[in-house]
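Below: the structure, in structure tokens.
Please treat every number below as a calculation from the coordinates, not as lab data. Predicted model, so just to flag it, every value in this text is computed and none were measured. Using ideal geometry, Cβ is built from the backbone for each residue, glycine included, and neighbour counts are taken over all protein chains shown.
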Amino acid sequence: MTVLPLASIAVGVLAERKPAMNAWADAVWAITEIVLDMPEMPDWTVLRQDGPRTLFFAGTAEIKLFRTETSNLKHNMDAAAPRIWAVLRPTDTPPGMALQLVTADPGEAHLFADSGNYLMESLPMPAPVADAIQAFIAAHHQEQQHYKRKRDRADPDALGRRSRVEMDDE
């Protein structure tokens, strides 16, 4: 069963490629900005070339908001500076990267942080995105009561006793 998001926020991603200063990589990539006014252009369009540095419009993505993630979103929004995480993955086709995902859920971002194959950047959350997420949290968040599980107490007398049948079998 596929769970569909209740809301989504469209954003654009700008990424920069510059030459690497080592023998192990040809280029160094960085996600530089999340934009709300997405230009009408194909993904990976060159916006500016400044010497060896190239700025790309990496493409558009949707920040998907699920009712089950409101506690993670609330945790992010309660921080002094809420963040958005954008993820690029390496590809064999030019320019060498593809836009994988943009999220405001720190739990989802953590999944990509553990993988060495993805480039993930944490960026400041634009105010209109923050406002939309706050409204989503206000509409859908329900505090969950935390119940600590209690184990049954062991019977110390039962631990050392063996039945007569077990003793006769030895």
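In terms of Cα to Cα distance under 28 Å, which lysines are near enough to LYS74, apart from those fewer than 8 places away along the same chain?
By straight Cα distance, LYS74 reaches LYS64, LYS148.
Using the alpha-carbon atoms, what tilt in degrees (0 to 90, nearest 10) does helix 127-140 show relative to the longest principal axis of the chain?
30
What is the Cα centroid distance between region 55-131 and region 4-50, reported in whole angstrom?
12
Can you pull the Kirkwood radius for the chain, inverse mean 1/r over Cα pairs, to one decimal in Å?
Kirkwood hydrodynamic radius for the chain: 19.5 Å.
Among SER8, GLN134, ALA25, whose Cα projects farthest towards the positive end of the dipole of the chain, with charges put on the beta-carbon of Lys, Arg (+1) and Asp, Glu (-1)?
Towards the positive end, the residue furthest out is GLN134.
Under 1.5 on a/c is rounded, so check that first for region 70-164, then, if it is not, pick prolate when a/b is larger than b/c and oblate when it is not; a ≥ b ≥ c are the square roots of the alpha carbon gyration tensor eigenvalues.
oblate
Whole percent per 5 Å bin, from 0 to the bin with the longest distance: what is P(r) over all C-alpha pairs of region 42-95?
So the P(r) values, bin by bin, are 4, 12, 17, 18, 14, 11, 13, 8, 2, 0.
Taking trypsin sites (Lys or Arg not before Pro) that fall in a DSSP loop and have at most 15 other Cβ atoms within 10 Å as cut points, what is the longest piece of the chain between them?
It works out to 1-147.
Is region 1-96 rounded, prolate or oblate when judged by the Cα gyration tensor, a ≥ b ≥ c being the square roots of its eigenvalues, rounded requiring a/c under 1.5 and prolate requiring a/b larger than b/c?
prolate
Quick one: length gained pulling HIS110 to ALA135 fully straight, 0.36 nm per residue minus the C-alpha distance?
Separation in residues times 0.36 nm, less the Cα-Cα distance, equals 6.6 nm.
Using a Förster distance of 22 Å, how high is the FRET efficiency between HIS146 and ALA81, based on the Cβ-Cβ distance and rounded to 0.05?
The computed FRET efficiency comes out at 0.25.
Place +1 on the Cβ of every Lys and Arg and -1 on the Cβ of every Asp and Glu in the chain, take the dipole about the Cα centre, and give the residue among ALA80, TRP44, LEU99 whose Cα lies farthest towards its positive end.
Checking the options against the dipole of the chain, the answer is ALA80.
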